[in-house]
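The values are calculated or read from the model by the stated rules, or taken from the named source; none is laboratory data. Small disclaimer: the values here were computed from a predicted structure and weren't measured. Note that each Cβ is placed from the backbone with ideal geometry, even for glycine, and that neighbours are counted across all protein chains shown. SASA here: full protein model, heavy atoms, side chains in, ligands and nucleic acids out. Shrake-Rupley method; radii C 1.70, N 1.55, O 1.52, S 1.80 Å.
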Amino acid sequence: MTALPLDPARLRAHFPAFSEPSLKGQAFFENAGGSYTSRAVLDKLDHFYCATKVQPYGVYPASRAGGEAMDLSFERMAQALNVTADWIHFGPSSSANTYVLGNAFAGWLKPGDVVIVTNQDHEANGGTWRRLAKMGAEIREWKVDPQTGRLSLAELDKLLDAKVKLIAAPHCSNISGEINPVTEIAARARSVGAVTVIDGVSYAPHGLPDLQALGADIYFFSAYKVYGPHQGVMAVRPDLAMSLPNQGHYFNEGKPRYRLTPAGPDHAQIAAASGIVDYLESVAEIAGDSVEGENPFRRAHAAMRAQEIALATPLLDYLRGKNSVRIIGPDDAATRAPTIALGLDEPGAVVATRLANHNIMASGGHFYAYRLLEAVGIDPSHGVLRLSFVHYTTPEEIQQLIAALDAELK
């Protein structure tokens, strides 16, 4: 394994889970379902509940402090994503956020407008936009290659014309793992006057992106998969957000934070979200001069990706040598996230159950990518075995996983 830019021990010191006695010896390979929570987030959550668990933005000190803690999360999340704070919206989950977005666009699109969706998406993104067919939108499907699960830009080009108003795609699939060329997708959308909605749920745990560089109009992800609390984060270009029909109470129509998140916000979790950004700065500090980047967030992103590529390489090398295993998506660690789904003769959940006997925490199923599994010829009810990790995984845990797979795979 190549040298790691990040010291696993220093990283893991930021996560109480790694000192939890009940988890000792358990290697966590289900990070795509939710990462461990950083201490910075937990400390802020605890402080909010202990000191400011009141209605925020009021006139008394505890109320003012609660509102200030929430405002800080909007500002800090925007800083990490390289946008302004008016881009940021917090909601109960990514699925809830996209559901509200879909309702908003139902009042923004006109009958006959074209929406492009993929069959690579988690259903929370794809299904939201497909439902717009009921109000008269034309749905065009950007299909994956049935052998590789890959989305081709050439196939996207065949779908584009002046009728296209929205393109929805994942930054990274939660099954095939390949990192899609969002910058090129967004450029193509702009060329026909369309809006780009990017599902970053499976990418963001591996480094928050520079949204200005990506060029997407909407980008969303789940904070609980990015070392934070259980909520959804959504970045929406401010002028687009204000042009969409208001989804909140009518008297809040002029308040940007209320227009696209009608549910009552979880004040404490919003306040705790700034801890995600604090943690990313700690990652950059741990990386030191081992990576380049114009600010701590770009350095953290670069270090996390380099760490994950180094960790994934021996695992993929091993899996390529197993004739009974089908790796869904690319087998090159540099072009994918370390969310590795395997097509096996046995159902994925069955194998995951046996791996648990080796202290491997993994899972099997369709992971809400029902259409993708069908497209690549796998029965969703049979599912895949999914092995997902992030930068805090250790080389020793990778070897523990390989040994367990060697014992359990036919």
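In table form, for the structure just shown:
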read-out: Square roots of five times the Cα gyration tensor eigenvalues for region 255-404, Å; value: 31, 24, 15
read-out: FRET efficiency for residue 326 and residue 68, using Cβ-Cβ distance with R0 set to 45 Å, rounded to 0.05; value: 0.30
read-out: Estimated vicinal HN-Hα couplings, Hz - region 15-29 in sequence order (Karplus 6.51, -1.76, 1.60; Gly, Pro = x); value: 10, x, 4, 7, 10, 7, x, 5, 9, 4, x, 7, 8, 8, 10
read-out: Structure-based [θ]222 nm, the chain - -39500 (n - 2.57) summed over DSSP H runs of at least 4, per residue, nearest 500; value: -12000 deg cm²/dmol
read-out: Enclosed volume per residue, in Å³, of the convex hull spanned by Cα atoms of region 1-152; value: 225
read-out: Cβ-defined net charge surrounding residue 313, 15 Å radius [Lys, Arg +1; Asp, Glu -1]; value: -2
read-out: Kirkwood-type radius of region 45-277, with distances r between different C-alpha atoms, in Å; value: 18.2
read-out: Quarter of Cα convex hull surface for the chain, i.e. mean projection, nm²; value: 19.9
read-out: Dipole-positive endmost among 107, 59, 170 within the chain (Cβ charges, Cα centre); value: 107
read-out: For region 1-68, alpha-carbon Rg and Dmax in angstrom; value: 17.5, 56
read-out: For residue 35, distant residues with modelled amide H under 5 Å away; value: 225, 226, 227
read-out: Solvent-accessible area per residue for region 45-277 (1.4 angstrom probe, square angstrom); value: 38
read-out: Distance cut-off 20 Å, percentage of C-alpha pairs in region 130-254 lying past it; value: 51
read-out: Percent of alpha-carbon pairs separated by more than 21 Å within region 59-145; value: 51
read-out: For region 326-337, 3J(HN,Hα) per residue [Karplus equation, 6.51 cos²θ - 1.76 cosθ + 1.60, θ = phi - 60°, Hz, x = Gly/Pro]; value: 10, 7, 7, x, x, 9, 9, 4, 6, 10, 9, 7
read-out: The chain, relative contact order [Cα under 8 Å, separation at least 6], %; value: 23
read-out: Share of carbon and sulfur in the accessible heavy-atom surface of the chain [1.4 Å probe, %]; value: 52
read-out: Summed side-chain charge close to residue 194 - residues other than residue 194 whose Cβ falls under 14 Å, Lys, Arg +1, Asp, Glu -1; value: +1
read-out: Region 45-277, relative contact order [Cα under 8 Å, separation at least 6], %; value: 26
read-out: Accessible area per residue, Å², region 281-321 with all protein chains present, probe 1.4 Å; value: 41
read-out: Residue of 21, 262, 314 that the Gaussian network model of the chain assigns the largest fluctuation, springs spanning Cα pairs under 10 Å; value: 21
read-out: Rounded FRET efficiency, nearest 0.05, which uses the C-beta distance separating residue 396 from residue 346 and R0 of 30 Å; value: 0.65
read-out: Integer Hz, Karplus 6.51/-1.76/1.60 couplings in order for region 400-409, x for Gly and Pro; value: 4, 5, 4, 4, 5, 4, 4, 6, 10, 7
read-out: Listed residue pairs exceeding 25 Å between alpha carbons, taken from 110/158; 24/322; 134/255; 24/410; 53/255; value: 24/322; 134/255; 24/410
read-out: For region 75-193, convex hull of alpha carbons as volume per residue, Å³; value: 122
read-out: Set of lysines with alpha-carbon distance to residue 225 below 18 Å, sequence-local pairs under 8 removed; value: 44
read-out: Computed lengthening from residue 358 to residue 12, 0.36 nm per intervening residue step minus Cα-Cα distance; value: 122.4 nm
